[in-house]
Amino acid sequence: MGNKERGSLDPGTIYIVSTPIGNLGDFTERAIEILSSVSLIAAEDTRRTRILLNRYKIQTPLSSYNSYNKFKKEPILMGRLKRGESIAMVSDSGTPGISDPYYHLVQSVLGEGMVVNAIPGPSALLAALTVSGLPMDRFVFEGFLPRKKGRTTILENLSRETRTLVIFESPNRIQKTLKDLLRFFGNRKIAVARELTKIHEEVVRGSLENIANQDRKWKGELTLVIGA
């Protein structure tokens, strides 16, 4: 990559850049070079991304692109790409496109015959799988379960899944989710990965019955890995 000046990458290219899920040291040299060289960084949360950019002295202009403004921002970003600018996309953390709206823009870019390049890196999904102690040769990722509408139907369908299941959950809803999983799935093996790569990283492994009945307050970002 060398010391290319900003905007000197392949024209009209969008780069999907993975960023650390916690520890800011988990950032690849290639990702830093790309973010330093593109014309613009489209970020899910500009405040969180600014912390990362400041750490690595990256001064590239930043713009928000998220679920709330995707329809307004997409034509603006597409216009810049068509003018030959290069754009990097980053999510709050980890790999863009997982539980965020970036695939909409990627579809539009591909539909116009432009180039999409992946800059791989950290992913909470894969990190949790690797430390879960559960089979990871075949797995299904469900993201966040619905809070209400369709939740029962999805849980009933997932209860018949024969692959390892991975879901995301928030601290204020995890206790309900654990109870629901126990009710629909029975007493399966589970690993709850919390604050991966951060100071208070923790992986709680055991049975659904045991963990669902623990009297504890969960904190931080959570990834659940459930055995088939």
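Throughout, read-outs are computed from the coordinates displayed, never taken from laboratory work. On a predicted model such as this, the values are computed, not experimentally measured, just so you know. Note: ideal-geometry Cβ built from the backbone for every residue, glycine included; neighbour counts use all protein chains shown.
One table, with the values for the structure above:
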read-out: Viscosity 1.002 mPa s, 20 °C: Kirkwood-radius Stokes-Einstein D of region 79-142 over Cα pairs, µm²/s; value: 153
read-out: Beta bridges per DSSP with both ends in the chain, % antiparallel, nearest 5; value: 45
read-out: Residue-wise HN-Hα coupling along region 215-223, computed from phi with Karplus coefficients 6.51, -1.76, 1.60 (Hz; x: Gly, Pro); value: 9, 8, 9, 8, 10, x, 7, 10, 10
read-out: Proximal aspartates and glutamates relative to Lys198, as straight alpha-carbon distance under 16 Å, when same-chain residues fewer than 8 apart are discounted; value: Asp26, Asp92, Glu221
read-out: Mean Cα-pair separation over length for the chain, i.e. relative contact order, pairs under 8 Å, 6 or more apart, %; value: 21
read-out: Among 54-60, 72-78, the order from most to least packed when residues are scored by Cβ within 10 Å on average; value: 72-78, 54-60
read-out: Computed helical MRE - 222 nm, the chain, DSSP H runs ≥ 4 contributing -39500 (n - 2.57), nearest 500; value: -9500 deg cm²/dmol
read-out: Loop GluC sites (Glu not before Pro), region 1-96, which have at most 13 other Cβ atoms in a 10 Å radius of their Cβ (DSSP); value: Glu5
read-out: Cross-link partners of Lys179 among lysines (Cα-Cα below 22 Å; sequence separation of 8 or more within a chain); value: Lys148, Lys149, Lys189, Lys217, Lys219
read-out: Cα centroid of region 196-221 to Cα centroid of region 51-70, whole Å; value: 31
read-out: The chain: C-alpha pair distances exceeding 34 Å, %; value: 24
read-out: Rounded to whole Å, sorted largest first: equivalent-ellipsoid semi-axes of region 39-114, Cα gyration tensor; value: 20, 15, 10
read-out: Potential lengthening between Glu156 and Lys217 on full extension [0.36 nm per residue; Cα-Cα distance subtracted]; value: 19.3 nm
read-out: Net lengthening on full extension, Arg83/Phe141 (0.36 nm per residue, minus Cα-Cα); value: 17.2 nm
